1. Assess whether LYS6 counts as being over 11 Å from the mean Cα position of the chain (by Cα) and open to solvent by less than 90 Å² (accessible area, probe 1.4 Å).
2. Would you check if TYR47 is hydroxyl-bearing (Ser, Thr, Tyr) and in contact with a Phe, Trp or Tyr (Cβ under 7 Å, 6 or more places away or on another chain)?
3. Return yes when ARG45 is more than 10 Å from the chain's Cα centre (by Cα), open to solvent by 70 Å² or more (accessible area, probe 1.4 Å) and on the phi < 0 side of the Ramachandran plot and no when it is not.
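The values are calculated or read from the model by the stated rules, or taken from the named source; none is laboratory data. None of these values were measured; they are calculated from a predicted model. Virtual Cβ from ideal backbone geometry, glycine too; neighbours counted across all protein chains shown. We work out accessible area using only protein heavy atoms, side chains counted, and drop any ligands, DNA or RNA first. Shrake-Rupley method; radii C 1.70, N 1.55, O 1.52, S 1.80 Å.
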Amino acid sequence: MVKRDKKQPLFMISVVSELLGVHPQTLRLYEREGLIRPKRLNRQRLYSEEDIERLTFIRSEEHTSELQSH
């Protein structure tokens, strides 16, 4: 069995935004704020499984915060 490297950048921003149900601009905002640092190949952002896990955590924390503020 081959072990996957969760740090290997594989996913383009369009794929990640689709997976997470967010606009690509949201992912760019997270990057500007220093919450995530996707790898760059030329000018293209590539996200790893580890990045997606971190983004999922960030989104869940945002959701929890929204629920608590109401």
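1. So LYS6 fits the description; yes.
2. Working: hydroxyl-bearing (Ser, Thr, Tyr): yes; in contact with a Phe, Trp or Tyr (Cβ under 7 Å, 6 or more places away or on another chain): yes.
So TYR47 fits the description; yes.
3. No.
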